[in-house]
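Derivation of every value follows stated rules applied to the coordinates shown; laboratory data play no part. Only a predicted model underlies this, so the values are computations on that prediction, with no experimental measurement involved. In this analysis, Cβ positions are derived from the backbone assuming ideal geometry, glycine residues included, and neighbour counts consider all displayed protein chains.
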Amino acid sequence: MRFLTLRLGTIFGLILALTTLQAAAVSKQQADEFSTKLAQIVVRGSGAQDAGAGRTPVTETELNSWLAYSATPLLPAGVSDPRVTMVGNGKVTGQAVVDLDAIGKKRSTGGAFDIWSLLSGKVPVMVAGVLRTKDGMGNFDLESAAVPPGM
């Protein structure tokens, strides 16, 4: 039993350390860098003649910084704490917390059989898929969406 406790403690410590390292990498400066790149992408996507050709590389840290510092007003009601992991070859995973009460208030019809009146609480939601981009436009093909068991 002591071995199990030590092992769980070690695992918890590693998770906490990795979470702290990721949180430390997120910064306002990185969010601003992403905002600049996003503006370039939007100009290219608009088809402006002077937009120029080329790629605009975006890092996971820049994107997650922008999500933490700048994206809140753009998120749907009830969605918070979004984070994205770039797996490679266009594959991305993401997670966010979804407040079912906030969504229910916005979408409720007030009828006797309103499904939104049956849902409540905050749940983590995870998605995975492939992001394909070209000419300033992107297409996300959802492969999976899940709520962790026990939620």
> Once label points are set 7 Å from the Cα along Cα→Cβ at both residue 81 and residue 120, what is their separation, rounded to one decimal in nm?
Replying inline: 2.0
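Please identify the chymotrypsin sites (Phe, Trp or Tyr not before Pro) of the stretch 73-151 that satisfy two criteria: DSSP loop assignment and at most 11 other Cβ atoms within 10 Å. Which are they? Numbers along the way, then the final one.
Numbers: sites: 113, 116, 140; in loops: 113.
Passing both the DSSP loop test and the Cβ count: 113.
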> Among the aspartates and glutamates, which fall within straight-line cross-link reach of residue 91, defined as a Cα-Cα distance under 14 Å, with same-chain neighbours fewer than 8 residues apart omitted?
Replying inline: 60, 141, 143
> Quick one: if the Förster radius is 41 Å, what FRET efficiency do residue 106 and residue 55 give, using the C-beta to C-beta distance and rounding to 0.05?
Replying inline: 0.60
> What aspartates and glutamates sit close enough to residue 106 to cross-link, taking a C-alpha to C-alpha distance under 15 Å and skipping anything fewer than 8 places away on the same chain?
Replying inline: 114
> If Lys and Arg each add +1 and Asp and Glu each add -1, what is the summed charge of the other residues whose beta carbon sits under 15 Å from the beta carbon of residue 130?
Replying inline: +1
